[in-house]
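Input: a single structure, listed below in structure tokens.
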Amino acid sequence: MYHIPHLAAGACNVVPASAAFDPSEVLHELLPRWAGACTFLAPTMLHRLCEADAASRASGEALEHLRTVVVGGGPLHVDLLRRAMGRFGEDRIVQVYGMGECPMTIAHLGRQWHRGADEALLRSVGWPFSHEVEVMVAGEQGERLPHGSIGEVCVRGSPVMSGYLGDEEATRRTFFPGGWLRTGDSGRLDPTRGCLTLEDRIKDMIIRGGSNIYPREVEEVLLTHEAVSEVAVVGVPHLEWGEEVAAALVPPPGTRREAREALEAELDELCLASLARFKRPRAYHWLDELPKNSTGKVLKRELRELLAEKAAGEEPAAAAA
């Protein structure tokens, strides 16, 4: 569905020769040939584009051809967003938030809002996409929560589906009364500006000893370390606490085991300085790559299963209590 807005605007959609996302191909073959280019990227693809550009800088002329980078399909961490803004331009990034049931039309943070934006605004997904879309944050019974409260993000309006074909039960579970589609995302509306900030997928929230921990908050802190480029935080079963916080990281190329252990100690100190003590990871797992789908979104369920198996089969490198 990502090609539809461009077709509707009369744009030419270009399919690369590789028929896949190759960041080097984008930087060195496509951009030099196509002026006024707009590209739609998942956050993982944006990360790969930044990494490829750091390794082999695209020409200034090629980057001048890049008019807009639309980012969506998953959480965009502020550290990555700042890297992209620094290289491709503050006024070329557009963030969009949507889902298949309301495709790319729930909220957006337009290019004009990125220039000079503070941390809170960059972490948000902006405002409702149009006057035809309403957004609210709801409690467990579908009641509207006041701005600033964390609850489930709900949306209604003309872009929202009417239901699942032939599955009335699934439709009933997915809507609150009044036509409000439940997104499954937790979030809050800013009390002053009204912009929407996503906390995490509700199903990905970690509950440790009765306390709620949003993985994205921990990931944002870990990504501020210069040696961390890819990380995902999940909850794994724990006999005493119910769930414990675990972080999966992709090590920098050539990192030796001794260096990883030193890095874990640095990350633990970083988390203790930035987060409540109970939120910091108790274990770090080093993987060759994170499990992802075809668009580059990290598959948290598969990751939880993988880390649970690792914890059962071996003693993980654990942070000090």
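The values are calculated or read from the model by the stated rules, or taken from the named source; none is laboratory data. All values reported here derive from a predicted model rather than from experimental measurement. FYI the Cβ positions are ideal-geometry reconstructions off the backbone, even for glycines, and counts take in every protein chain you see.
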Practice problem: For region 51-71, state whether one or more residues are of a type outside the set (Ser, Thr, Tyr), within 21 Å of PRO215 (Cβ to Cβ) and buried (at least 18 other Cβ atoms within 10 Å of the Cβ). | Solution: yes
Could you check, for region 73-93, whether at least one of its residues is hydrophobic (A, V, I, L, M, F, W, C) and either in the same structural domain as SER162 (by TED's automatic domain parsing) or on the phi > 0 side of the Ramachandran plot (or both)? no
Within region 221-245, the count of residues that are at pLDDT 95 or above and of a type in the set (D, E, K, R) comes to 0
Checked against (1) touching a strand residue (DSSP E or B) at 6+ places or on another chain (Cβ under 9 Å); (2) assigned by TED's automatic domain parsing to the domain that holds ARG92; (3) acidic (Asp, Glu), GLU119 satisfies every condition except (1)
By residue number, the members of region 1-46 that are touching a helix residue (DSSP H, G or I) at 6+ places or on another chain (Cβ under 8 Å), assigned to a loop (DSSP other than H, G, I, E, B) and surrounded by 18 or more Cβ atoms within 10 Å (Cβ to Cβ) are PHE21, LEU31
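Tell me, yes or no, whether region 198-217 has at least one residue that is part of a strand (DSSP E or B) and in contact with a Cys (Cβ under 8 Å, 6 or more places away or on another chain).
Start the filter on region 198-217 by keeping residues that are part of a strand (DSSP E or B), which leaves 198-201, 206-208, 211-213.
Pick out the ones that are also in contact with a Cys (Cβ under 8 Å, 6 or more places away or on another chain) and you get none.
No, because not a single residue in region 198-217 is part of a strand (DSSP E or B) and in contact with a Cys (Cβ under 8 Å, 6 or more places away or on another chain).
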**Study point:** Verdict on GLY73 being at pLDDT 90 or above, within 16 Å of the chain's Cα centre (by Cα) and under 30 Å from VAL160 (Cα atoms)
**Key:** no
Within region 134-151, the residues that are buried (at least 19 other Cβ atoms within 10 Å of the Cβ) and either at pLDDT below 95 or of a type in the set (Phe, Trp, Tyr) (or both) are none
Among the residues of region 37-47, the number that are of a type in the set (Gly, Ala, Ser) and either outside the structural domain of VAL69 (by TED's automatic domain parsing) or modelled with pLDDT of 90 or more (or both) is 1
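Within the group ARG260, ARG156, ARG208, ARG201, which residue is within 23 Å of LEU80 (Cα to Cα), more than 22 Å from the chain's Cα centre (by Cα) and surrounded by 13 or more Cβ atoms within 10 Å (Cβ to Cβ)?
That would be ARG260, the only listed residue that is within 23 Å of LEU80 (Cα to Cα), more than 22 Å from the chain's Cα centre (by Cα) and surrounded by 13 or more Cβ atoms within 10 Å (Cβ to Cβ).
Matching residues to (1) within 30 Å of GLU305 (Cα to Cα); (2) in contact with a Lys or Arg (Cβ under 6 Å, 6 or more places away or on another chain); (3) hydroxyl-bearing (Ser, Thr, Tyr):
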| position | (1), (2), (3) |
| --- | --- |
| PRO146 | no, no, no |
| SER158 | no, no, yes |
| ASP167 | yes, no, no |
| THR174 | yes, yes, yes |
| LYS203 | yes, no, no |
